[in-house]
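The values are calculated or read from the model by the stated rules, or taken from the named source; none is laboratory data. The structure displayed is predicted, hence computed values, not measured ones. FYI the Cβ positions are ideal-geometry reconstructions off the backbone, even for glycines, and counts take in every protein chain you see.
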Amino acid sequence: MALANDSILQLNQMAKQREKEGHKVINATIGMMYDEDKKLPLSKSIRDLMASHNKDEDLVYPSVEGEREYLDSLSGWFLNGEVKPSFLATIGGTGAVALSFHSVSKMNSLLLLPSFDWPNYEGVASEFGLEYDHYSLFEGKGFGINSLRKLALDGAKSHDHIAIVVNDPCENPTGYCMKSGEWAELRELLNKKELNGKVSLILDLAYIDFAEASQKVHIISFLKDIPAGVMVYLCFSFSKTFSLYGLRIGALGVMNQEKEKETAEYLSLKAGARGLWSVSNHMAMNIVGDLLTDESYHDELVRETNMNRKLVKERSSLFLKEAKEAGLETYPYEAGFFISIPARNAKSVVEYLMKEDIYIVPNRDDCLRVAFSSISLKEVKGLAAKIKEAITHESVLL
């Protein structure tokens, strides 16, 4: 179903190469936040702080679990301090996903992924020999709980364990955000007696800082009432909000109603991290620790985060308005970096657009993904009509 798990990075490099050759390119492939001047949106004071982290304490090995200042700041930033998982530093958000997949792979697990997803899920699952299937992300314009329920209950008959992946809020690649009632339905499913003691939930929260406050509240409320017997893994990234894409720093939180089980799983994850990558990026951890614990930097980050969220909203709103005018169908979108578009022969559409130096991603054979984090409002204008033209061009329809 998914394309090669590095296809997004490949297309991004192709677009950048065209730019180097002097061509005017619209590069809507990559989930990186750029301002209207095509710069990473980091203030000089924050850049200066980053540059100052070159001392011995930034360069020596940290502990496997991560620095205490860093770990203690995570709940407050991501979860308003209302929920406090056991946190472990990881190599970016991908490291958090990989470590959770590694853990559930030790059991005869069936991994359930959304039908629209980040292609690297399948890549990571395959590396750990995990069997996986896809539930329908959408039923109409809502979350596909019926599809997920059927696969989970059927899978529990033939597997020792079921691991459910939910990428929310700002789902990649659609920008969908679950409603309060849909979180309640998910909790009801996890409470099913057929799944008692044999289900885990992996929440990929990489884009949580680009969600509306109400969407964050839904997640926090859900986490305050985790069904008994369910191990919950929370995957976080500092790439998106903090623009630390290349420094590779993230976090994995683990939660269980029974603290002894939570602690045991935490120690197992720590051993897994040691075996997979040894330790996380010490310099990046110290940077984030300072940013989140120093009040002046913290306030500046909040301002920047709000500005970036507003900018992405302006870009996506303009695209959706013009898509409606052009008769271009899109999948349900609420917030975040990406919007997805149904398109037969998606790869052919992408190839057609590349001839005009427009780069987007064929996230599936029948789905296109456009990244609004990385293109300006000027580049958004008219883009929907161009995509519509490509989808309906006779060379694509053949």
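Brief remarks follow.
- Evaluation of Arg248 against the conditions (1) surrounded by fewer than 16 Cβ atoms within 10 Å (Cβ to Cβ); (2) closer than 21 Å to Phe337 by Cβ shows that the sole unmet condition is (1).
- If the condition is being buried (at least 19 other Cβ atoms within 10 Å of the Cβ) and either among the small types (Gly, Ala, Ser) or not assigned by TED's automatic domain parsing to the domain that holds Asp209 (or both), then segment 63-98 contributes Gly66, Ser73, Ser86, Ala89, Gly92, Gly93, Gly95, Ala96, Ala98.
- Count - residues of segment 257-298 that are among the polar types (S, T, N, Q), in contact with a Ser or Thr (Cβ under 9 Å, 6 or more places away or on another chain) and over 30 Å from Lys55 (Cβ atoms): 2
- Members of segment 135-164 that are surrounded by fewer than 20 Cβ atoms within 10 Å (Cβ to Cβ) and assigned to a strand (DSSP E or B): Phe138, Glu139, Gly142
- Residues of segment 318-339 classified as in a loop (DSSP other than H, G, I, E, B) and either under 21 Å from the mean Cα position of the chain (by Cα) or in contact (Cβ under 8 Å) with a residue 40 or more places away in the chain (or both), total: 10
- Apart from one condition, Asp357 fits all of (1) under 25 Å from Gln215 (Cβ atoms); (2) at pLDDT 95 or above; (3) of a type in the set (D, E, K, R); the exception is (1).
So that you can scan it fast, the table gives a plain yes or no per residue for (1) closer than 16 Å to Phe242 by Cβ; (2) not β-branched (Val, Ile, Thr):
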| residue | (1), (2) |
| --- | --- |
| Leu9 | no, yes |
| Asn27 | no, yes |
| Asp35 | yes, yes |
| Ser45 | yes, yes |
| Val60 | no, no |
| Glu65 | no, yes |
| Gly81 | no, yes |
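- Here Ala213 fits the description: under 30 Å from Ser43 (Cα atoms) and surrounded by fewer than 22 Cβ atoms within 10 Å (Cβ to Cβ).
- Listed by position, the helices (runs of 4 or more DSSP H) contained in segment 1-70 that have at least 3 residues being within 24 Å of the chain's Cα centre (by Cα), closer than 29 Å to Phe338 by Cβ and modelled with pLDDT under 90 are 7-20.
- Test for Leu189: is it buried (at least 22 other Cβ atoms within 10 Å of the Cβ) and outside any loop (DSSP other than H, G, I, E, B): no
Yes or no, residue by residue, for (1) part of a helix (DSSP H, G or I); (2) of a type in the set (Gly, Ala, Ser):
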position: Ala251; (1), (2): no, yes
position: Met285; (1), (2): yes, no
position: His298; (1), (2): yes, no
position: Thr305; (1), (2): yes, no
position: Lys310; (1), (2): yes, no
position: Glu314; (1), (2): yes, no
position: Ile341; (1), (2): no, no
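- Scope segment 79-100; condition closer than 21 Å to Leu111 by Cβ and small (Gly, Ala, Ser); matching residues: Gly92, Gly93, Gly95, Ala96, Ala98, Ser100
- Residue in segment 339-355 that is under 29 Å from Thr90 (Cα atoms) and in the same structural domain as Gln17 (by TED's automatic domain parsing) present: yes
- Residue match in segment 324-338 (condition: basic (Lys, Arg) and within 19 Å of Ile8 (Cβ to Cβ)): no
- Scanning segment 344-385 for residues that are among the acidic types (Asp, Glu), under 24 Å from Tyr207 (Cβ atoms) and in a helix (DSSP H, G or I) returns a single hit, Glu379.
- When residues of segment 301-317 are limited to those that are in contact (Cβ under 8 Å) with a residue 40 or more places away in the chain and surrounded by fewer than 17 Cβ atoms within 10 Å (Cβ to Cβ), the one nearest to Met33 (Cα to Cα): Met307
- Entry remark, segment 194-241: residues being assigned to a loop (DSSP other than H, G, I, E, B) and either among the polar types (S, T, N, Q) or over 14 Å from the mean Cα position of the chain (by Cα) (or both) number 13 in total.
- Residues located in segment 101-132, provided they are in a helix (DSSP H, G or I), small (Gly, Ala, Ser) and either more than 19 Å from Leu195 (Cα to Cα) or without any contact (Cβ under 8 Å) to a residue 12 or more places away in the chain (or both): Gly123, Ala125, Ser126
- Looking across segment 105-119, not a single residue is surrounded by fewer than 21 Cβ atoms within 10 Å (Cβ to Cβ) and either under 14 Å from Cys235 (Cβ atoms) or in the same structural domain as Arg369 (by TED's automatic domain parsing) (or both).
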